[in-house]
Protein chains: 2
Amino acid sequence: MSTKAPIEFWFYFTSAYAYFASLEIEDVAREAGRELVWRPFMLGSAFEVTGARGLSNTPLKREYALHDWDRIARKRKVAFELPPAHPVLPIAATRAFYRLEEESPDAAVAFAKRVFELYFTQGLDTRDPQAVAALAETFLPGADILAALSSDHYKRLVRQRSEEAVQRGVFGSPWMFVAGEPFWGWDRLPMLREWLKSGGW
Amino acid sequence: MSTKAPIEFWFYFTSAYAYFASLEIEDVAREAGRELVWRPFMLGSAFEVTGARGLSNTPLKREYALHDWDRIARKRKVAFELPPAHPVLPIAATRAFYRLEEESPDAAVAFAKRVFELYFTQGLDTRDPQAVAALAETFLPGADILAALSSDHYKRLVRQRSEEAVQRGVFGSPWMFVAGEPFWGWDRLPMLREWLKSGGW
């Protein structure tokens with residue numbers, strides 16, 4: 001199993017489809033016997049290339065997405081309540097993720113799952129350093145996180161990840177790669193599963 | 001069965017995802033015991049509202065779509081060759097569809113399937129009145145089709161259908177409705193099937 005390529009799970013923290021995918025992606029990896037790599041990034045870099053404005057800022061798409069998210073949440077029986085300020089920039093949450101990852105990838109993943117849950121059920125402010133540091137405190141002292149959030153190192157790291165995403169063709173969230181094969185969107189998890197099961201086609 | 005709402009299949013003739021959906025949608029309807037209504041429309045009206053430019057005219061999305069279409073075609077074992085001039089405006093094909101539908105919905109559907117097949121395997125010019133009339137001649141005399149293609153009645157009808165689509169929230173192709181419930185995209189056919197089977201949730 002260790003020679004199989006990992007599943008890369010690229011996502012924007014305040015993307016609802018990424019939230020739903022985050023609830024399934026670990027099962028997908030486990031079933032396939034693959035390592036899972038979580039890769040939060042900032043979608044803005046991709047939107048500059050595609051000219052997209054994000055679902056919630058696009059007429060027609062916004063109304064469909066709101067309806068669709070509730071429909072998915074009902075089906076999956078998961079809590080879902082869009083924050084009034086949605087979409088909130090997840091810049092602090094994303095920087096904190098990479099700070100945590102340097103210490104422990106497992107801690108970073110546990111943090112990421114909490115960010116998704118609290119943003120999409122209780123309106124966590126993913127821009128707010130204090131709120132993000134408080135959430136990360138289970139894993140690292142708040143002062144450490146706060147220092148990371150304003151350091152050039154993590155600003156640069158998040159920018160690099162986001163540019164890497166665009167260079168590899170990513171323009172939406174969630175996005176999965178397996179050995180370079182791209183899968184865009186929550187609704188492609190079944191295809192990803194089939195790809196992994198069959199070895200591709 | 002006759003009291004169940006039909007499946008409305010809205011599509012843009014030169015949308016590759018609509019082509020793939022057209023190959024499955026009749027099975028979906030049959031399994032569900034539902035009538036199927038084919039509704040070609042012009043996507044431009046929706047793009048004016050959303051600001052989208054179409055997959056093939058959007059950086060990053062274009063490259064992903066090209067890769068994805070080939071991947072779907074391989075999986076479904078269907079012929080697929082994008083015309084060099086893709087995306088071609090399907091205005092003549094769309095008007096001809098509605099001319100045929102007035103005579104016989106079955107003939108219009110048979111014509112629609114031929115348009116998809118010939119556009120996506122042999123580069124049918126869906127803008128060209130002569131090519132479209134020749135294709136429709138199995139069902140109606142070429143002179144009848146040619147007259148319809150330049151008549152105000154069918155121009156208006158296609159415009160009305162396209163405006164109706166936008167008013168009902170349609171911004172992409174393919175798009176399915178069942179009793180008002182919207183499903184966008186080829187990759188939502190499994191959800192549509194589940195919705196029909198379970199009665200919704």
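The values are calculated or read from the model by the stated rules, or taken from the named source; none is laboratory data. Computed from a predicted model, the values in this text were never measured in an experiment. Cβ coordinates were reconstructed from backbone atoms using ideal geometry, including for glycine residues, and neighbour counts include every protein chain displayed. These accessible areas exclude ligands, DNA and RNA; they are computed on the full protein's heavy atoms, side chains included. Shrake-Rupley method; radii C 1.70, N 1.55, O 1.52, S 1.80 Å.
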B:T94 modelled with pLDDT of 95 or more and of a type in the set (S, T, Y): yes
Within segment A:65-85, is there a residue that is among the aromatic types (F, W, Y), buried (at least 18 other Cβ atoms within 10 Å of the Cβ) and touching a residue at least 60 places away in the same chain (Cβ under 8 Å)? no
Considering only segment A:44-93, state which residues are under 17 Å from A:F171 (Cα atoms) and of a type in the set (V, I, T). A:V49, A:T50, A:T58
Do any residues in segment B:138-162 that are free of Cβ contacts under 8 Å to residues at least 24 places away in the same chain have Cβ atoms under 6 Å from those of residues that are surrounded by 14 or more Cβ atoms within 10 Å (Cβ to Cβ), where the two are at least six apart or on different chains, and which pairs are they? B:G142/B:A133; B:L146/B:P129; B:L146/B:A133
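Just to confirm my filter: which helices (runs of 4 or more DSSP H) fall fully inside segment A:1-91 and include at least 1 residues that are charged (D, E, K, R)?
On the way: elements: A:16-22, A:25-32, A:44-50, A:61-76.
Fully inside segment A:1-91 and qualifying: A:25-32, A:44-50, A:61-76.
In this structure, is B:R99 in contact (Cβ under 8 Å) with a residue 60 or more places away in the chain, farther than 22 Å from A:V49 by Cβ and away from chain A (no Cβ under 14 Å)?
Working: in contact (Cβ under 8 Å) with a residue 60 or more places away in the chain: no; farther than 22 Å from A:V49 by Cβ: yes; away from chain A (no Cβ under 14 Å): yes.
Taking the combined requirement at face value, the residue does not satisfy it.
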For segment B:179-201, enumerate the residues that are within 10 Å of chain A (Cβ to nearest Cβ) and either in a loop (DSSP other than H, G, I, E, B) or open to solvent by 50 Å² or more (accessible area, probe 1.4 Å) (or both). B:W184, B:G185, B:P190, B:E194, B:S198, B:G200, B:W201
Yes or no: segment A:141-151 includes at least one residue that is farther than 30 Å from B:A52 by Cβ, among the charged types (D, E, K, R) and out of contact with any strand residue (DSSP E or B) (no Cβ under 8 Å at 6 or more places or on another chain). yes
When (1) within 14 Å of another protein chain (Cβ to nearest Cβ); (2) part of a helix (DSSP H, G or I) are applied to A:A107, the one that fails is (1)
Cβ-Cβ under 6 Å pairs, at least 6 apart or on other chains, segment B:168-180 side over 15 Å from B:I7 (Cα atoms), far side of a type in the set (K, R): B:F171/A:K61
Consider only pairs whose beta carbons are under 6 Å apart and that are at least six residues apart or on different chains; among these, list those whose first residue lies in segment B:41-54 and is away from chain A (no Cβ under 11 Å) and whose second residue is of a type in the set (G, A, S). B:F41/B:S162; B:F41/B:A165; B:M42/B:S162; B:L43/B:S173
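Yes or no: B:K61 within 14 Å of chain A (Cβ to nearest Cβ) and surrounded by fewer than 18 Cβ atoms within 10 Å (Cβ to Cβ)?
Values: within 14 Å of chain A (Cβ to nearest Cβ): yes; surrounded by fewer than 18 Cβ atoms within 10 Å (Cβ to Cβ): no.
The answer is no for B:K61.
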Among (1) surrounded by 20 or more Cβ atoms within 10 Å (Cβ to Cβ); (2) over 21 Å from A:P129 (Cβ atoms); (3) small (G, A, S), which single condition is A:A93 missing? (2)
Here are the criteria: (1) open to solvent by less than 40 Å² (accessible area, probe 1.4 Å); (2) over 15 Å from the mean Cα position of the chain (by Cα); (3) not aromatic (F, W, Y). Tell me which single one B:A112 does not satisfy. (2)
Step by step: first the residues of segment A:71-93, then only those that are touching a Phe, Trp or Tyr at 6+ places or on another chain (Cβ under 6 Å) and within 19 Å of A:D144 (Cα to Cα), then the one that is farthest from the other protein chains (Cβ to nearest Cβ). Which residue is that? A:A93
